[in-house]
Each structure stands twice: as C-alpha cells, then as structure tokens.
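Engineer: The structure under discussion is supplied below as structure tokens; questions concerning it will follow.
The values are calculated or read from the model by the stated rules, or taken from the named source; none is laboratory data. A quick note: this is a predicted structure, and the numbers were derived from the prediction, not measured. Counting neighbours? That spans all protein chains shown, and the Cβs are built from the backbone with ideal geometry, glycine included. Protein only, heavy atoms only, side chains kept; ligands, DNA and RNA dropped before computing areas. Shrake-Rupley method; radii C 1.70, N 1.55, O 1.52, S 1.80 Å.
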Number of protein chains: 2
Amino acid sequence: MASKENKSALNETKHVSTSNIINSMSIQSIKQKRKVEIDADALLKSILNKSISALSRAITLIESSNPKHQNKSNYIINGCLPHANKSVRIGITGVPGVGKSTFIETLGNNLTKQGKKVAVLAVDPSSTVTKGSILGDKTRMESLAKNPNAFIRPSASGNMLGGVAKKTRETIILCEAAGFDVIIIETVGVGQSETTVACMVDFFLLLKLAGAGDELQGIKRGIIEMADVIAINKADGNNIKPAKLAKVEFNRALHYLPQKVSQWQPQVLTCSALQNEGIEEIWEAILNYFEITKANQYFNEKRNEQDKYWLMQTIENQLKANFFNSPKIKAALQEQLTLMAQHRTTAFAAANYILNL
Amino acid sequence: MASKENKSALNETKHVSTSNIINSMSIQSIKQKRKVEIDADALLKSILNKSISALSRAITLIESSNPKHQNKSNYIINGCLPHANKSVRIGITGVPGVGKSTFIETLGNNLTKQGKKVAVLAVDPSSTVTKGSILGDKTRMESLAKNPNAFIRPSASGNMLGGVAKKTRETIILCEAAGFDVIIIETVGVGQSETTVACMVDFFLLLKLAGAGDELQGIKRGIIEMADVIAINKADGNNIKPAKLAKVEFNRALHYLPQKVSQWQPQVLTCSALQNEGIEEIWEAILNYFEITKANQYFNEKRNEQDKYWLMQTIENQLKANFFNSPKIKAALQEQLTLMAQHRTTAFAAANYILNL
C-alpha cells in the first residue's frame, strides 16, 4: 500500500491514506475472523486426522471461559459428534492410596499393546483447593504419558462440578473423534464426583484395599452400589490372603443388593497393578459386561438416559441461575427470608410471593 | 315475606314476588360470602382457643385441592403463625413391624400425663398406593386416640411428596397454634420420606429391632446418619440380651460417623414400648438434646435453614413446572431429544437451544 501511495501523483493521497488506515483495520478484522474460522476448521480436521496436539489445543478451547472461544469450541464439538460415541467409557474410583494411577497405567499400557488407543481424563472437584490432587501432573503415570497411543489430560479446572462435568463430557466427544476407543475417567472416591462420573460412563470400577473397613476407606455405601466391578488392589506378597478374604466379604455384601437394571451381576476381583497381575481378568470382565449390555440394549439406553440427564440438569441449573440473578428477585428473597425468620410468613407463602413478582 | 304479600292490597304483588326471588338469591349469596369469611375467622379463633374440632376442619381445608379453599387456609395459617413455633418437632421412623405405633402411643400417653399436649402426624408417600399403610385409621393407637390431650392425624393424601410435605408443614403450624407442645411426625423407614421429614423436624428418632441386619430391615445407611437417637425396641423377655448386643454394635458404628453440626453425640438406647420400659430414658435424651441445641443456637439455626430449604424447593419446583409445561418447550424438548439420540447435538447445545426459545 505504501509503495502504491508513493507512486501516485494525486494530492489527495493524504485522505486516501486516512481511508487506508480504516481499510487496513477492516482487512485485519476480516483476516482475524477468517483466521478464527480457519483455525477451528483446521483444528477439527486435525482432530479427525488423529492429531494429539490438535486434540490438546481443542480441549484447552473448551476449557476456556472466554466467550469468543465458545463459538469455536461449539464448531469443533459439532464437527466431532458424527465421529464420536464409538468408544467404551470407563469410570474408575477409589480413595487416595488405593493405587489408581498404577492401575490405570498398567491397564492403559496393556490395552495399547493390543492396539487400542486409551484416553485418561479426570474429574476432581477438589482440584481447585488442592491444586490438582489427582492427575495434576503427568509424572504420576510416567510410562503411559510417553505412550504414543495414550492421551492423559489433567482435571478440568472450575469451582463448579457442573462446569467440570460439561467440559469432561465434551472432552470425551473430542477424544472419541480423535480415534480413542477406551476412555477412562478417573475420580476420587469421596464426595459427589462419583455420581457425576457415573452419569457419564458406561462402566464403573471401584478400587479397594483389603483389610480396611468401608468407613476407614471413606467410601460411601452408594458407591459400592454403583460399581460394576470391585477390584481389590495390592493383592501381592503378604497381602494375597487378606485380599482373598476381602473378596469373599464383598461378594457376600453384593448379594444383599438388588439386581441391576443392566442385568449384570457385579463381580469382585483381586489384582496387583504393580505386578500386572489380575488386570487382564478385570479387562475380560469389562469386555463381558459390554457384551451383555450391548446385546440387551442397556448400553445404548444408558447413554440416551445420560444425555437426557445432562440436558435436564443444564436447563434446570440455567433456569435457577437466570431467576436468582435478577436483582429484584435477590432483594425479594432477602426480604422474605427476614419475614420468615420473624415467623411472619411461611416458606410456601414466601415462595409464591417471589414467584409472582 | 309470604305473609306480608297476603296482607298487601296492591295488584303488583306478583311482580314484587319475582323481585323478591332475586333479592333472596342476592341475600343468600351475601350471606354465603359472609359465612365464608366468618368461617375462616371463626375457625382461626377456635384454633387459638384450642378447639380440636376446629383444628381438624382447618387441616381438611389445607388438604383441599379446591382453589377457593386456598385463600381461607392461607388466612388461617397467617393467623396461626404468630402463635406457632413454640413446640418441639420430633421425627420418628422405622420399618413396618418395628413397633412405631406402640412406641408413639406409649410415649404420647406418658407425655400427656406430664401435662403436655401431643400431636401425631404422618408423612407416608406410599399411602396413595396402600390406601394408608400408616395411620390410615386411628385404631392403631386406640388409647392415644381417646386421650383428650392428644391429636392424631392420618397422612395427608397426595401423589407428590412435595405436596404432602407442604401440607404437613402447614399442619404443624396449626397444631402449634392450637397449643400442642410436642409434634410427632411418623414415617416409614424406606424411600425418600425420611429425608423429607428430617427437613421439618428438630429431632430424629430411629426405631430398630435387635438381631436383624440393616439390609434385612430395609434401612438405608443415610437414615442412621440422620438419627439423633437410635432406639432398639422390643427389648423385653428373651429379647433383652440381643437388644443389649445390638446397642453395643450400633454404638460402635456411630463412632465411625463424623461429628454432627449440632454437637450432639447420637445415642443408642433400648426400650420396650409394649411394657413402657426405657421410654422415659429416651424422652430424657430428647430433652437433653433440646437443652444442648437451644443453648448453642443450633435449634433456631436449623429451623431457619429448614424454612430456607422449603422456600428454595418450592421456587425451584415451580420454575421447572412453569417452564416445562409450555407446549413450545415440550415440543422443542422432544425434537432435541431425538437429535441427541441421533448424535446430532450434545446435551449442552440442546439445553442452550431450548433455553433460548
């Protein structure tokens, strides 16, 4: 442009120059826009071409709170959707110390040897507090992290479990489109994160140790009810006998539970992740589970139910947020809470008053 | 009027007679209206004058689904509010066969002898199915039903636990205004009704039997965590020894639970409701609980939290109902669910689409 100006004989060059500045801004804006579109599209194509670095960058996009990035990530997710849903999604839980990292590393390396591609994600609502207590760095699973057919992604940050869940669910879709056929979602066996993970996986594995009571292991009874397989880890050396005893005990406990809708009878197995013993048997049990639930349609029904659950959850949370974020409602709520504390109105009358505003 | 007409000499009497019919209709309508207003007001005054029959009629009004009755019942509840909140509210649960009726009858009769007035209400979401499995008739607590200082009210009907909860919470207010100082809310130890009851009482008592495991008794672990006192009933005759053993076992189990916010250490006691043994000790433990929680402010804080919980619950339920009852939303929801099943959209994109309508 500058060289063109220099060549011109007209006096109006200065005006043209001013106009040029505007033009260059517009051009830059157009270029920028085009770049954004090209980026998202290129990223999508690279993901479908199984590029792990593209997958990584797209997940960062999903995790971004920048509204500009949302259009891009939605574009990528939509492009990935037709290529997703072909993996098996496995949830793994257990309290810290049970050996989750070692277990996932051993299982993951076994599976890649069979030609599978394994993605490991984490849901850890406590990670904002503990600065990433699980999967905070990849050093925990050193050999799996170096494995070209494995992909390890630390827990999405976020102070709301709902937000973490959304990001994790979308990350699953991207991993599947990138050709990963086994998706492992790891979580800590405390708090509410298991229920969240159970609502996004096909199969739920609970890791336990022999000798410690449920209370000591901090595992809630509901988690045992969710498990499709309970694996008693560290069944090696002097620990083999206690592990076998624990297996008998858990088997007895499982008999008290009602039959699962999946028609799958939960199993108790022992293993030593450190020595790669029993891991193959656990994987066979998992394959058996998928055979049964795919045959009886439970597999698909469960995924549809999960989709529906997340749809309704998102709508309900948003409805509440929209309502309670209104300054008028906020003020009325405070006012009614005060009246209630003074026993001048009931909860139901106060609710009606607020709803009628 | 008829005699007046007969005495008249005018020919227009027939016209007057027609006009008279209209007038009498108007008068009746005015009378009717006045009667309604007088009724609600009279009912309120009678309740505050401790009339049990007025209390009964007002509860029927609360339970009515007729919209006309809502204004009346709101009027009565508002009038009762300043006189309510002075009782202690006690939740009692336990599976069928544990002896809830006998326990409540014995405790109730003991308390009226001490000059207390005892109201017994029931929350039983299954009552619509089983036609009133608990407190369906008063024959279960024959002697307490005849006691002039006791008031027994069967479970409010309704197919939604939320509706039953609203009616029960409002009934508590009416009972308190009518001078009842001990409100007992009975429920079956299965399903979700305990959580509902726990959110409307100050103290939660769990009745158990010796010798039967938790699984066999159908009691969920969560209910044990909610209990302030666990009473092992039917500790008489040959059952005394097993009851004492069960007491030791439960005490051990309770030690694994985290310290309660109330700072109250849950207790395990044995009793025989049939022989009125141990009931006094249980009542003393309950009084001790109230002494501690009133001193440390937990009592009031809990009631405020409960009020807040019901306020939020009512608003959230109504928000959802309003949203999902719209035909436009219903249609969009079906459409998005179909797209999701075809993997053409995600739960989060579908939710956003529906919310933006």
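Engineer: Give the nm distances, rounded to one decimal, from A:Thr195 to the matching residue in every other copy, measuring between label points 7 Å along Cα toward the beta carbon; shortest first.
Structural biologist: Taking the point 7 Å beyond Cα along Cα→Cβ, the inter-copy spacings are 0.6 nm.
Engineer: Nearest 5 percent is fine: what portion of the DSSP beta bridges confined to region B:162-306 is antiparallel? Don't skip to the answer; put the middle values down first.
Structural biologist: Numbers: 1 of 10 bridges.
For region B:162-306, the DSSP antiparallel bridge percentage is about 10.
Engineer: Can you give the extra length, in nm with one decimal, that the chain gains between A:Ala331 and A:Leu274 once fully stretched, where that is 0.36 nm per residue apart less the Cα-Cα distance? Mind showing how you got there, number by number?
Structural biologist: Values: separation 57, 0.36 × 57 = 20.52 nm, distance 5.79 nm.
Contour length minus the Cα-Cα distance gives 14.7 nm.
Engineer: Could I ask something else about it? What percent of all Cα-Cα pairs in region A:243-357 falls into each 10 Å bin, going from 0 up to the bin containing the maximum distance?
Structural biologist: Going out from 0 Å in 10 Å bins, region A:243-357 shows 11, 21, 19, 14, 16, 17, 2 percent.
Engineer: Assuming 0.36 nm per residue, please report the length gained on full extension of the stretch B:Glu305 to B:Phe290 beyond their Cα-Cα distance. Walk me through the numbers on the way to the answer.
Structural biologist: Working: separation 15, 0.36 × 15 = 5.40 nm, distance 1.69 nm.
In short, 3.7 nm is gained.
Engineer: Further question on the same structure: B:Trp283 to A:Tyr353: FRET efficiency via 1/(1 + (r/R0)^6), r the Cβ-Cβ distance, R0 41 Å, to the nearest 0.05?
Structural biologist: 0.55
Engineer: Treating the point 7 Å from Cα along Cα-beta-carbon as the label, what are the nm separations from A:Asn304 to the other copies, to one decimal?
Structural biologist: 4.9
Engineer: Let me ask another. About its Cα centre, what dipole magnitude does region B:306-356 give when the only charges are +1 on Lys and Arg Cβ and -1 on Asp and Glu Cβ, stated in debye to the nearest 20? Please list the in-between numbers first.
Structural biologist: Details: 5 positive and 3 negative charges, 25 e Å.
Approximately 120 debye in magnitude.
Engineer: Just for the Cα atoms in region A:306-356, what are the lengths along the principal axes, largest first, rounded to whole Å?
Structural biologist: Principal extents (Cα only, largest first): 44, 20, 17 Å.
Engineer: Quick one: with label points 7 Å out along Cα→Cβ, list the inter-copy distances for B:Gly97 in nm, shortest first?
Structural biologist: Spacings between copies for this position, smallest first, are 4.0 nm.
Engineer: If you take each beta carbon of peptide B:333-346 and count the beta carbons of other chains within 10 angstrom, what is the mean?
Structural biologist: That average works out to 4.
Engineer: State in Å² the accessible area per residue of region A:306-356; use a 1.4 Å probe, count heavy atoms of protein chains only, and round to the nearest integer. Please list the in-between numbers first.
Structural biologist: Details: 2600 Å² over 51 residues.
Accessible surface, normalised per residue, equals 51 Å².
Engineer: Enter the accessible area of B:Leu357 (Å², nearest 10), with the probe set to 1.4 Å and all protein chains included.
Structural biologist: 80 Å²
Engineer: Mind putting a number on the dipole of region B:283-334 about its Cα centre? Charges go on the C-beta only, +1 for Lys and Arg and -1 for Asp and Glu, and I need it in Debye to the nearest 20. Could you put the intermediate results ahead of the total?
Structural biologist: Numbers: 7 positive and 6 negative charges, 95 e Å.
Roughly 460 debye for region B:283-334.
Engineer: Buried accessible area for the B:A pair, summed, 1.4 Å probe, in Å² rounded to 100? Don't jump to the answer; show the numbers that get you there.
Structural biologist: Numbers: alone 20300 and 20260 Å², together 36630 Å².
Interface area, both chains combined: 3900 Å², rounded to the nearest 100.
Engineer: Also, I was wondering about something else. Just counting partner chain Cβ atoms within 10 Å, what average do the residues of peptide B:77-89 show around their Cβ? Show your work: numbers first, answer last.
Structural biologist: On the way: counts 4, 4, 0, 1, 8, 3, 1, 2, 1, 1, 0, 0, 0.
Mean shielding count: 2.
Engineer: Which order do the peptides A:328-335, A:98-105 come out in when sorted by mean C-beta neighbours inside 10 angstrom, highest first? All intermediate terms of the calculation are to be shown ahead of the outcome.
Structural biologist: Values: A:328-335: 13.8, A:98-105: 23.0.
The most tightly packed comes first, giving A:98-105, A:328-335.
Engineer: Let me ask something else about it. At 7 Å along the Cα-to-beta-carbon direction for both B:Lys45 and A:Lys113, put a label point, then send me their distance in nm to one decimal.
Structural biologist: That separation, rounded to one decimal, is 9.0 nm.
Engineer: How much accessible surface area, in Å² rounded to 10, belongs to the heavy atoms of A:Tyr298 with a 1.4 Å probe?
Structural biologist: About 50 Å², ignoring ligands and nucleic acids.
Engineer: Average partner chain C-beta neighbours within 10 Å, per residue of A:306-313? Could you put the intermediate results ahead of the total?
Structural biologist: Numbers: counts 1, 10, 7, 1, 6, 13, 5, 3.
Other-chain Cβ atoms within 10 Å of each residue's Cβ, averaged: 6.
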